[in-house]
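Data block below; observations after.
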Amino acid sequence: MVAGGAAAQETEVSTPVIPGFWDPKRRVERPPAGSVPVIRFLTTDDFPPFSFLNEEGRLTGFNVDLTRAICDELGIRCTIQAREWDDLLRVLREGDADAIVAGIAVTADARQELDFSDIYMRSPGRFVVRADGEAFDPTAEGLSGKTLAVVARSAHEAYLAAFFPEVGRKLYPTPEAARAALKSGEADAHFGDGMQLSFWLQSEAAGGCCVFAGGPYMESRFFGEGMAIAVPRGAVDLKQAIDSALSSLYEKGVFAELYLRSFPVGFF
């Protein structure tokens, strides 16, 4: 599934598309006042740009900013504590925290123990091409005769096999190798993780070689459901409070500000 449309080859810097995961017609009512007096969030400190320690040793990142914005919107007191990944669920189970904002995968197994907020971020598949190359649409027809780099045994290879079976693919062992092939001209296009690619495009390693082409692909069967805040199963008021805040932050433009702050090269 492809979301949105874009020019075949973005040779100029354009205004980033702000992703929206909330139905504007849906209204999430907040729980009764006082039912959620405080939220104790857990995260990690080794997951940039979502949660990490800055040069001053202060916890920061998109997830951290988002949780603070949620609490400001709800007008309640919150804490956010960094723990090791392997400790997150244990601390939540023991009742020493209320929610985890750390990219826990939304799966059927996880839902046996956890409830999840609305999705607030996804990482779509994206095509990238050389900025100085001949413009072409990253479609089955446009990719005909082109060399398409993709990481072997990845979700992105599986997606191409399912939806672009007629397009030839050159397999590489790592994302770095596939991106290097595109930069050097060994490949005409690369299909990979949009979020990772957004950071690569602005890096010294890319050297301004390449740009996104086409729109984002967000088939959950291959690329996952996305990121959500995990809460204990049955925490209805807490989930409802978080969902209402997320929807409001998007409507007010706060989510857009946080997204642009953490992701200056948008990947949608």
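Computed over the chain with a Gaussian network model linking Cα atoms closer than 10 Å, the most mobile of LYS183, LYS146, LYS252 is LYS252.
Using a probe radius of 1.4 angstrom, the carbon and sulfur fraction of the accessible surface of the chain is 49%. Only protein heavy atoms count here; on that basis, with a 1.4 Å probe, TRP85 has an accessible area of about 130 Å².
Sorted from greatest to least, the principal axis extents spanned by the alpha carbons of region 15-145 come out as 60, 41, 33 Å. With the simple spin-label model, which puts each label point 7 Å out from Cα in the Cβ direction, the ALA177 to PHE163 separation comes to 2.5 nm.
Of the listed residues ASP115, ASP188, the order by accessible area with a 1.4 Å probe, largest first, is ASP188, ASP115.
For the chain, relative contact order (Cα pairs under 8 Å, six or more residues apart, normalised by length) works out to 33 percent.
Of the residues GLU204, GLU176, GLU141, the one with the largest accessible area comes first in the ranking GLU204, GLU141, GLU176, computed with a 1.4 Å probe on protein heavy atoms. Taking the DSSP beta bridges with both ends in the chain, the antiparallel portion is around 60 percent.
Treat region 38-115 as a sphere of radius equal to its Kirkwood radius over Cα pairs and apply Stokes-Einstein at 20 °C in a medium of 1.002 mPa s; give the translational diffusion coefficient in µm²/s, rounded to a whole number. Value of D from the Cα-based Kirkwood radius: 165 µm²/s.
Partner lysines whose Cα lies under 17 Å from the Cα of LYS183, excluding those fewer than 8 positions away in the same chain, are identified as LYS146, LYS170.
Students sometimes get this wrong: rank TYR217, TYR250 by accessible area, probe 1.4 Å, all chains present, largest first.
Listed by decreasing accessible area, they come as TYR250, TYR217.
More than 26 angstrom separation, counting every C-alpha pair in region 143-268; what % is that?
36 percent
For PHE62, neighbours were defined as the other residues whose beta-carbon sits under 15 Å from its Cβ, and their charges (Lys and Arg +1, Asp and Glu -1) total 0. Rolled with a 1.4 Å probe across the full set of protein chains, the surface gives SER154 an accessible area near 30 Å².
Local charge sum around HIS156 (other residues, Cβ-Cβ under 15 Å, Lys/Arg +1, Asp/Glu -1)? Once all neighbours under 15 Å are counted, the net charge is +3. Modelled spin-label separation between ASP96 and SER203, with each label point placed 7 Å from Cα along the Cα-to-Cβ direction: 3.5 nm. Solvent-accessible area of ARG111, all protein chains in place: 110 Å² (probe radius 1.4 Å, heavy atoms, ligands and nucleic acids excluded). Shown here is the pair-distance distribution of the chain: with all Cα-Cα distances grouped in 5 Å bins from zero up to the longest one, the shares run 1, 6, 12, 16, 17, 14, 12, 10, 7, 4, 2, 0, 0 percent. Rg over Rh for region 110-186 works out to 1.09, both radii taken from alpha-carbon positions and Rh defined as the Kirkwood radius. Partners of LYS25 within straight-line reach, counting lysines whose Cα lies under 29 Å from its Cα and excluding those fewer than 8 residues away in the same chain: LYS239, LYS252.
The values are calculated or read from the model by the stated rules, or taken from the named source; none is laboratory data. Given the structure is predicted, the values throughout are model-derived calculations rather than measurements. We place every Cβ from the backbone using ideal geometry, glycine too, and count neighbours over all the protein chains shown. Ligands, DNA and RNA are stripped out before the accessible areas are found, and what is left, the full protein with its side chains, is counted by its heavy atoms. Shrake-Rupley method; radii C 1.70, N 1.55, O 1.52, S 1.80 Å.
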